[in-house]
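This report concerns only the one structure given below.
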Amino acid sequence: MPSPFGSEPVAVVIAARTPADFLRRLARAERTASIAELRLDSLPSVAAVVRVLERIARQRPKLTLIATCRPATREAAAGGRFAASPAARLALLRLAAAAGCSWVDVEAETLENFPPALRQAMLCLPRGVRRIISFHDFQRTPTRLDTLYRRGVSLGLRGDLVKLAVTARCQRDNLAVLQLARQHRRRVITLAMGTAGIPSRVLALRAGSALTYAALDAGPGQLLLSHLRDLYRAHRLDARTQVYGVIGQPITHSLSPIMQNAAFRATRLNAVYLPFEVRNLSDFLACLRPLGIAGFSVTLPHKQAILRHLDGCDPLAESIGAVNTVVVRGRQRLYGYNTDYVGVLRTLARYAALEAAQVLLVGAGGAARAVAFALATAGAFVTITSRRLSQARALAQAVGGEAIARSQVRRREFEAIVNCTPLGMHPHTKVSPLSLSELNARIVFDLVYNPRQTRLLCLARQRGAIAVPGWQMLVEQGAAQFELWTGLRAPIALMRRALLRALVAPQAACT
């Protein structure tokens, strides 16, 4: 059954505090979208809503318009701001229908509390205008979604849609939302809000939701229209689409979706790569089969914990004690790899011969472990300094290197220095893990990739060293992941371009 909203059923949400700004945003949407939801409750007064609707009636935007006016009262947990009476809100929705809106969205709780006469008025809309009966829960995902769906159906007419917008706290909540969409294909709109719910927004149309939603501008737990349509290609996914992703917490900062989806598109693979906010590994792993996940990247805080859940592990990854890549094979058997060390070696090998090279690592955490084992495998002698000298000594012992106190760094010389700490990462761009006088090396490699030019790299250039940015390693390890999952040669130049376009954080000051 096709969606009643056409071949690209993605609605961009329009909300603003003034009529002028509301209309400007609507004009922006008209240039890029085909469907817009008008959040009339975002406007400050009935008069402001009327002014907007009068302009819409005159201009008739070339969009499918959905009007909603959510209440600010306790009668519906709909997240609205509008303090007018239910009758006034219904009058505005009817005015919106007359102004050219093809759909009106009204809360189920509002309809249930109406006297019969008002409820009948809501059902008697102008010819051709259809209704969405909606439920919202901004705290959780209710356990009986199908019961809510049936309640919504009982309040509408034939041809109406039921919308359930809930809040995902875990990946199982996404499963519940997608399962409802599969059960009632194209008769329901499903939406899991919050960062954990992002996968459900992308996969909703594939599952059978009649519509999904996007934002004009970035916001917490929101997906940009350009990302939903162009990056994830949500309207093109089907039952054969292979699902990949990155798991971690937090996860929204990850640029891996931009790289990997660009690679899938370039190689014409029917695949999508999603960000999964995961607090609990068992919760996510229970979703592998239902979501059809074929592989995933692992970032903090799960790189070590994932080892306990694997059916097999690459020996070097096991020695490192951390996995950043999992391939799902056969009957959901999990095999772990570490491509961080591949990224380190491929990057540094462009600038130095690593055999017998003296290399200093700053930091002794998970990232430093991958770097240390990679360099030791390549024949380098690894020196480690860290705030916790005991941790540095333990890692140095594991790779046959040495640990030194920070006070000794300025008295030593190295072929390369590698920053394995997050110091200098956006937004703390004025911070450097080492001072100018401590950069006694021909090469300085900063694993921090955002901003592209960190404070440490600025100091390295002042010292006359070769400054190697962290984004180079990010691309290399991502390309290695792609190849493990697909068996294809990664389009690394294209992945690099996609990543660099996304790195828009301010550059560190080099003065």
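Would you mind stating whether residue 311 is among the acidic types (Asp, Glu) and within 24 Å of residue 451 (Cβ to Cβ)?
No; evaluated as a whole, the condition is false for this residue.
So, of the residues in region 258-293 that are hydrophobic (A, V, I, L, M, F, W, C) and farther than 20 Å from residue 235 by Cα, which turns out to be surrounded by the most Cβ atoms within 10 Å (Cβ to Cβ)?
Only one residue fits best here, namely 278.
For residue 307, work out the one condition from (1) buried (at least 19 other Cβ atoms within 10 Å of the Cβ); (2) free of Cβ contacts under 8 Å to residues at least 40 places away in the same chain it doesn't fulfil.
Only one criterion is unmet by residue 307, namely (1).
Looking for whichever is farther than 26 Å from residue 273 by Cα and free of Cβ contacts under 8 Å to residues at least 24 places away in the same chain here; the options are 409, 382, 359. Which one fits?
382
From the list 447, 439, 434, 459, exactly one residue is among the aliphatic types (A, V, I, L, M), crowded, with 20+ Cβ neighbours inside 10 Å and farther than 22 Å from residue 392 by Cα. Which is it?
The conditions single out 459.
Consider residue 219 against the criteria (1) surrounded by 14 or more Cβ atoms within 10 Å (Cβ to Cβ); (2) under 23 Å from residue 300 (Cα atoms); (3) assigned by TED's automatic domain parsing to the domain that holds residue 195; (4) not charged (D, E, K, R): it satisfies all of them except one. Which criterion is unmet?
Just one mismatch for residue 219, condition (1).
Is it fair to say residue 341 is in contact with a strand residue (DSSP E or B) (Cβ under 6 Å, 6 or more places away or on another chain) and either surrounded by fewer than 16 Cβ atoms within 10 Å (Cβ to Cβ) or among the aromatic types (Phe, Trp, Tyr) (or both)?
Considered against the rule, which asks whether it is in contact with a strand residue (DSSP E or B) (Cβ under 6 Å, 6 or more places away or on another chain) and either surrounded by fewer than 16 Cβ atoms within 10 Å (Cβ to Cβ) or among the aromatic types (Phe, Trp, Tyr) (or both), residue 341 comes out as no.
Would you please name the residue that is surrounded by the fewest Cβ atoms within 10 Å (Cβ to Cβ), looking only at residues in region 154-164 that are modelled with pLDDT under 95 and of a type outside the set (S, T, N, Q)?
Going through the qualifying residues, I end up with 158.
Does region 435-445 include one or more residues that are in contact with a Gly (Cβ under 7 Å, 6 or more places away or on another chain) and either small (Gly, Ala, Ser) or closer than 30 Å to residue 269 by Cβ (or both)?
Looking for residues that are in contact with a Gly (Cβ under 7 Å, 6 or more places away or on another chain) and either small (Gly, Ala, Ser) or closer than 30 Å to residue 269 by Cβ (or both), one finds none in region 435-445, hence no.
Which residue out of 468, 431, 448 is hydrophobic (A, V, I, L, M, F, W, C), closer than 23 Å to residue 374 by Cβ and over 24 Å from the mean Cα position of the chain (by Cα)?
468 is the lone residue from the list that is hydrophobic (A, V, I, L, M, F, W, C), closer than 23 Å to residue 374 by Cβ and over 24 Å from the mean Cα position of the chain (by Cα).
In this structure, does residue 134 turn out to be touching a residue at least 24 places away in the same chain (Cβ under 8 Å) and either of a type outside the set (A, V, I, L, M, F, W, C) or in a loop (DSSP other than H, G, I, E, B) (or both)?
Yes: the conditions hold for residue 134.
Listed here are the residues, each with its yes/no results for (1) out of contact with any Lys or Arg (no Cβ under 6 Å at 6 or more places or on another chain); (2) among the basic types (Lys, Arg); (3) part of a loop (DSSP other than H, G, I, E, B); (4) within 20 Å of residue 226 (Cα to Cα).
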| residue | (1), (2), (3), (4) |
| --- | --- |
| 239 | yes, no, yes, no |
| 252 | yes, no, yes, yes |
| 290 | yes, no, no, no |
| 300 | yes, no, yes, no |
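Could you say which residue among 233, 206, 185 is basic (Lys, Arg) and touching a residue at least 40 places away in the same chain (Cβ under 8 Å)?
Result: 185 is the single residue among 233, 206, 185 that is basic (Lys, Arg) and touching a residue at least 40 places away in the same chain (Cβ under 8 Å).
Can you tell me which residue among 352, 367 is assigned to a loop (DSSP other than H, G, I, E, B), of a type in the set (A, V, I, L, M, F, W, C) and modelled with pLDDT under 95?
None of the other options fit; the residue is 352.
What about residue 434, is it under 24 Å from residue 376 (Cα atoms), in a loop (DSSP other than H, G, I, E, B), modelled with pLDDT of 95 or more and of a type outside the set (Gly, Ala, Ser)?
So residue 434 passes the test.
Residue by residue, here is whether (1) without any contact (Cβ under 8 Å) to a residue 60 or more places away in the chain; (2) touching a Phe, Trp or Tyr at 6+ places or on another chain (Cβ under 9 Å); (3) part of a loop (DSSP other than H, G, I, E, B) holds:
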residue: 316; (1), (2), (3): no, yes, no
residue: 322; (1), (2), (3): yes, no, yes
residue: 328; (1), (2), (3): yes, yes, no
residue: 335; (1), (2), (3): yes, no, no
residue: 342; (1), (2), (3): no, no, no
residue: 345; (1), (2), (3): yes, no, no
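What are the residues in region 1-35 that are outside any helix (DSSP H, G or I) and touching a Pro at 6+ places or on another chain (Cβ under 8 Å), if any?
3, 17, 18, 35
Return the residues of region 251-267 that are in contact with a strand residue (DSSP E or B) (Cβ under 7 Å, 6 or more places away or on another chain) and at pLDDT below 95; say none if nothing qualifies.
Residues satisfying the conditions are 251, 252, 254.
Every residue in region 176-200 that is outside any loop (DSSP other than H, G, I, E, B), over 17 Å from the mean Cα position of the chain (by Cα) and surrounded by fewer than 24 Cβ atoms within 10 Å (Cβ to Cβ), please.
Correct list: 176, 178, 179, 180, 182, 183.
The values are calculated or read from the model by the stated rules, or taken from the named source; none is laboratory data. Keep in mind it's a predicted model, so treat the numbers as computed, not measured. Neighbour counts run over all protein chains shown; Cβ positions are idealised from the backbone, glycine included.
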